[in-house]
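Reading through the structure tokens given below for one structure.
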Amino acid sequence: MTQRKSRADRRVELIDAARRAMIQHGAEGVHLNQIAEEAGLTSGAVLYHYPDLRDLLIEAHHAGMERFYEQRVKKISGIADPAQKLITTIRSGLPEGPDDAGVRLLCELGGAAGRNRVYGTLLTTLYDRQVAMYQTILEIGAAQGVFKLAGDSEQIARNLVALEDAYGYRIIARHHSIGPDEAVSLILDFARMSTGHPLKEEPAARPKTTRTTRQRNGGSTPRPRDAS
């Protein structure tokens, strides 16, 4: 027997549907019926959960922005080394590729920000939080003697966020010579000059080989000696 979805689950699905519709039709050009179609619901069902469509669109943008601040802060929270924190933060701020839906939505939002005060405020808030995130990493690294900053920490942080935005757009625009790896390399070059640190990534830890793993892979296990 099919269980009815909770109100919270339905709202999550509507937020995802709104994001897809905005990517396809534009942040300002999207209509209620297009969101309903993406969600597989009637327009009335969408309005039942979101009587004001603007609230749904704003929540959809908030959900997309979490990836570029809250999730990044959480990702680096367990990393002690400021250099590795900085590298991880740079990597996590770029699109995974030209079809990255989250970044495409931000590009749509950016195009509408000059005409829509709410969208402009959302983007400004995200930018300021990202700058503060980078600035904190830089200042902690400098205080620990890991970084030797070439300038003001806030200015370096602003440039790092600006480079993320610029190269992220080039990736989404399918630039022939700038993909995610190339963009990371270019931003790291600036970060090295700004911190006086080589910023080399730590190699991934190799999984430990157990006896069970060796057996699974066809390896032999030592036979017990016969008691004599």
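Read-outs: derived from the displayed coordinates by stated rules, not from any lab. It should be emphasised that the depicted structure is a prediction, and the values quoted were computed from it without experimental measurement. Using ideal geometry, Cβ is built from the backbone for each residue, glycine included, and neighbour counts are taken over all protein chains shown.
Numbers for the structure displayed
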read-out: Ranked 15, 76, criterion: other C-beta atoms within 10 Å, fewest first; value: 76, 15
read-out: Rounded Å value of the spacing that divides the Cα centres of the range 1-62 and the range 67-132; value: 23
read-out: Ratio of Rg to Rh over the chain (Cα coordinates, Kirkwood Rh, two decimals); value: 1.13
read-out: Farthest positive-ward along the chain dipole, Cα basis, beta-carbon charges - from 49, 111, 162; value: 49
read-out: Tally of Lys pairs whose C-alpha atoms are under 23 Å apart, taken over the chain, 8 or more apart or cross-chain; value: 7
read-out: Ranked 104, 19, 117, criterion: other C-beta atoms within 10 Å, fewest first; value: 117, 104, 19
read-out: Tilt relative to the chain, helix 153-172 - C-alpha long axis, 0 to 90 degrees, to 10; value: 80
read-out: Unit charges on C-beta of K, R, D, E only; dipole of the chain, Debye; value: 1120
read-out: Helix 101-113 vs. the chain, principal-axis angle (Cα, 0 to 90°, nearest 10); value: 40
read-out: Footprinting exposure proxy for 147, 190 (fewest neighbouring C-beta atoms within 10 Å first); value: 190, 147
